[in-house]
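Readers should treat all values here as calculations from the given coordinates under stated rules, not as data from a laboratory. Keep in mind that what you see is a predicted model, and the values were worked out from it rather than measured. Heads up, the Cβs are rebuilt from the backbone with ideal geometry, glycines too, and the neighbour counts pull from every protein chain shown.
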Amino acid sequence: EPEVTQTPSHQVTQMGQEVILRCVPISNHLYFYWYRQILGQKVEFLVSFYNNEISEKSEIFDDQFSVERPDGSNFTLKIRSTKLEDSAMYFCASNLAGGPGDTQYFGPGTRLTVL
Amino acid sequence: EDQVTQSPEALRLQEGESSSLNCSYTVSGLRGLFWYRQDPGKGPEFLFTLYSAGEEKEKERLKATLTKKESFLHITAPKPEDSATYLCAVQTSGTYKYIFGTGTRLKVLA
């Protein structure tokens, strides 16, 4: 069964460093998403991406964040200058059509720890 | 403001003891309501999508129902392997994003 994959599973970085989180969405999916979950809190939407551009972003997704589809399979989230409060699980998701009620499928997550 | 509230926060059941989890929502136009299961340190695993009031979906010991204000996830004769956090999410009109509730942590004791 096709699934979303993410690497690395755990990333430790120093405050102020740049990190890139990688995702391989399900192969025929067209819409891609990043969410994050701070320990013990809700899963929160960060950004959605379609046709090589951002289609929607939340207030959390400020100028330190960027997303890219560098090739036909990968989808990345870059955090330019990490802060302590960026420590969280980051989930990538994808869906086929992005239309009303289309189900998003989530990856296993990357745990980001900022020291 | 669109909101999703799940209750209870935590639930302990004996194996075989059926119960229901609640997800109430206040949104401006529902496109879909989604139930996921999340194990510790893992990503949300899709269970059900519901689109309109009156709709029901079933899978093994789980049954999801939807009204205009809330959804229930009914668990019949649960087993220890059903222990997980169950997340509810909604998608509203004009947006791609999901809005998640805080989840219900279910523990089923053998």
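Things worth noting here:
- The residues in region A:17-43 that are surrounded by fewer than 19 Cβ atoms within 10 Å (Cβ to Cβ) and either of a type in the set (G, A, S) or within 11 Å of another protein chain (Cβ to nearest Cβ) (or both) can be counted, and the count is 5.
- Among the candidates B:E70, B:E81, B:E9, residue that is surrounded by fewer than 14 Cβ atoms within 10 Å (Cβ to Cβ) and touching a residue at least 40 places away in the same chain (Cβ under 8 Å): B:E9
- Candidates in region B:84-103 are the residues that are more than 11 Å from the chain's Cα centre (by Cα) and surrounded by 14 or more Cβ atoms within 10 Å (Cβ to Cβ); of these, the one that is farthest from the other protein chains (Cβ to nearest Cβ) is B:A84.
- Whichever residue in region B:25-38 is more than 10 Å from chain A (Cβ to nearest Cβ) and in a loop (DSSP other than H, G, I, E, B) and, among such residues, is surrounded by the fewest Cβ atoms within 10 Å (Cβ to Cβ): B:S28
- One residue from A:S48, A:S66 being closer than 22 Å to B:F46 by Cβ and of a type in the set (S, T, Y): A:S48
- Among residues of region A:65-100, those that are within 14 Å of chain B (Cβ to nearest Cβ), farther than 24 Å from A:L39 by Cβ and crowded, with 17+ Cβ neighbours inside 10 Å, counted: 3
- Of all residues in region B:9-24, those satisfying the criterion of being touching a Lys or Arg at 6+ places or on another chain (Cβ under 9 Å), assigned to a loop (DSSP other than H, G, I, E, B) and not small (G, A, S) are B:E9, B:E15.
- The residues in region B:39-62 that are part of a loop (DSSP other than H, G, I, E, B) and either more than 9 Å from chain A (Cβ to nearest Cβ) or surrounded by fewer than 16 Cβ atoms within 10 Å (Cβ to Cβ) (or both) can be counted, and the count is 10.
- Within region B:67-104, the residues that satisfy the criterion of being in contact with a Phe, Trp or Tyr (Cβ under 8 Å, 6 or more places away or on another chain), assigned to a strand (DSSP E or B) and not aromatic (F, W, Y) are B:E70, B:S71, B:L73, B:L87, B:C88, B:A89, B:V90, B:Q91, B:I99, B:T104.
- Taken over region B:50-74, residues that are within 23 Å of A:K42 (Cα to Cα) and touching a Leu at 6+ places or on another chain (Cβ under 6 Å) amount to 5.
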